[in-house]
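The values are calculated or read from the model by the stated rules, or taken from the named source; none is laboratory data. Everything quoted here is computed from the prediction, not taken from an experiment. Neighbour counts run over all protein chains shown; Cβ positions are idealised from the backbone, glycine included.
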Amino acid sequence: MLRLKHSLHWAPFPSENTGGHIVQELLLNKMHDMNPQHMFYGIPKNIELLDAVKMPYVKFFTEEEPRDKYIPKIMSKLHIPLLSAFHISYNIEPIIDSVHDVGGKILMHQTVHFTTDLLFNCNRLNDVDWITCPTYWGKTILSKIGKVSKDKINVIPHGVDTEKFYPHDTASKKYYREKKKTVILFSGRLSIWKGIHQIIPLFKDFTRKYDCVFIIKGTPIQNEESKRLDTIIRRIVKQNRHIVYLPDWYPQQILEDLFASSDILLSPTGSEGFNVPLIEAMACKMPVITTSLPNHIEILGRETAIFVKPKVAVGWADEQKRLKVPTADDLYGALKYLIENPEERQIMGERGRERVLECFDLENIVLKWFELFDELIPEGYSMENEMMKRMELNKQ
């Protein structure tokens, strides 16, 4: 169990509706459940949007000075020896020395999408005390391209609460079963990077020929592309009652029931650091159709999903990386196979649940974080002693 008494978390929580925010909130909630004696402190990016009700056990601070002065001041004043920096690699560099100067340590958690990530604009990643990433593929990229010693990189995947995401009957599931409908779920932001525009051509044939229902849990974001997709889907919904569109963020209970009510997850994304809906689907015994990205194959294994090769260029991640998603035709073939083979869906779903229990159960993931915290800040660790050591080294 965690021996560290308190820690400071610098992250996008809970002020942004992003995957990183959701994962951080879920992780901290579970940490608190398992070790309520630990005191959590936090610095959100946009504190004016903070809903403190969600995380009442976190003491939040608003920044009053530049981060390189403010964060070490908090750590020194409250004797907080560990800064956990979550999904903010782009501005970690200015605070490295100031945190070390007050005897603190820095644990950075970062997903890696591709070799030209913004992450690698930081030239001092190796000066951070420890880095975690959620996949071994990400660790490989970090150690090869990010100029980070692989001995400093630990892999801790994202987790799913298997007591909340599990196969069970919901009112929707019973209704669709009685109607003999197959429910296909897309869950993600409305972006061409997520491949949603490649799913739209499937609506007509599959709702008519195969008695399918498509549920699009697609949160619009504030750009023209997302607004255009939102308009298109709303227009289609008016014409086809078998398309269900959920355009907003919903309470966790609704999300859990949504996954339990669906039969197939369709996730033709072109870029992901992890892709949490994959493990949520597996936890509910739902087979997956997704892009054959290296981290997807690592997460899902070979027996819980159908992997579709990305072929259609949808834009540039940056000057070097072209993003691609699967074709609608390839998705059509994969979806047709799973719909026509319900026995195979069941087998894949069973394997998925077993894999989640073995590799991604949230309680086990939290224990891995506890072990890492205690390794970085062992019993008897003194910020004052570390600060004195640092001062002596600087004199030399």
Across the stretch 314-366, the tally of residues that are among the small types (Gly, Ala, Ser), within 24 Å of the chain's Cα centre (by Cα) and over 19 Å from residue 259 (Cβ atoms) stands at 2
In contact with a helix residue (DSSP H, G or I) (Cβ under 6 Å, 6 or more places away or on another chain), surrounded by 15 or more Cβ atoms within 10 Å (Cβ to Cβ) and not acidic (Asp, Glu): is that true of residue 162 in this structure?
yes
Hey, any hits in the stretch 220-229 for a residue that's under 20 Å from residue 279 (Cβ atoms) and touching an Asp or Glu at 6+ places or on another chain (Cβ under 7 Å)?
no
Considering each of 153, 200, 184 in turn, give the residue that is of a type outside the set (Asp, Glu), modelled with pLDDT of 90 or more and in contact with a Lys or Arg (Cβ under 6 Å, 6 or more places away or on another chain).
153
From the list 76, 89, 143, pick out the single residue that is buried (at least 21 other Cβ atoms within 10 Å of the Cβ), of a type in the set (Gly, Ala, Ser) and either at pLDDT 85 or above or within 27 Å of residue 276 (Cα to Cα) (or both).
89
Which residues, counting only those in the stretch 238-271, are of a type in the set (Asp, Glu) and either at pLDDT below 90 or over 18 Å from the mean Cα position of the chain (by Cα) (or both)?
248, 257, 263
Does any residue of the stretch 274-281 turn out to be at pLDDT 95 or above and acidic (Asp, Glu)?
yes
Please go through the stretch 242-300 and pick out each residue that is closer than 25 Å to residue 232 by Cβ and in contact with a His (Cβ under 9 Å, 6 or more places away or on another chain).
267, 269, 271, 272, 275, 288, 290
Given the criteria under 16 Å from the mean Cα position of the chain (by Cα) and more than 29 Å from residue 390 (Cα to Cα), does residue 169 qualify?
no
Unmet requirement for residue 339, which otherwise passes all of (1) at pLDDT 95 or above; (2) within 30 Å of residue 82 (Cα to Cα):
(2)
In the stretch 205-227, which residues are part of a helix (DSSP H, G or I) and either surrounded by 14 or more Cβ atoms within 10 Å (Cβ to Cβ) or touching a Pro at 6+ places or on another chain (Cβ under 9 Å) (or both)?
206, 207, 225, 226, 227
Among 303, 319, 386, 379, which is the only one that is in contact with a Gly (Cβ under 6 Å, 6 or more places away or on another chain), modelled with pLDDT under 95 and among the acidic types (Asp, Glu)?
386
Please work out if residue 94 is farther than 30 Å from residue 321 by Cα and modelled with pLDDT of 80 or more.
no
Going by the structure shown, is residue 303 more than 14 Å from residue 167 (Cα to Cα) and either touching an Asp or Glu at 6+ places or on another chain (Cβ under 7 Å) or surrounded by fewer than 21 Cβ atoms within 10 Å (Cβ to Cβ) (or both)?
yes
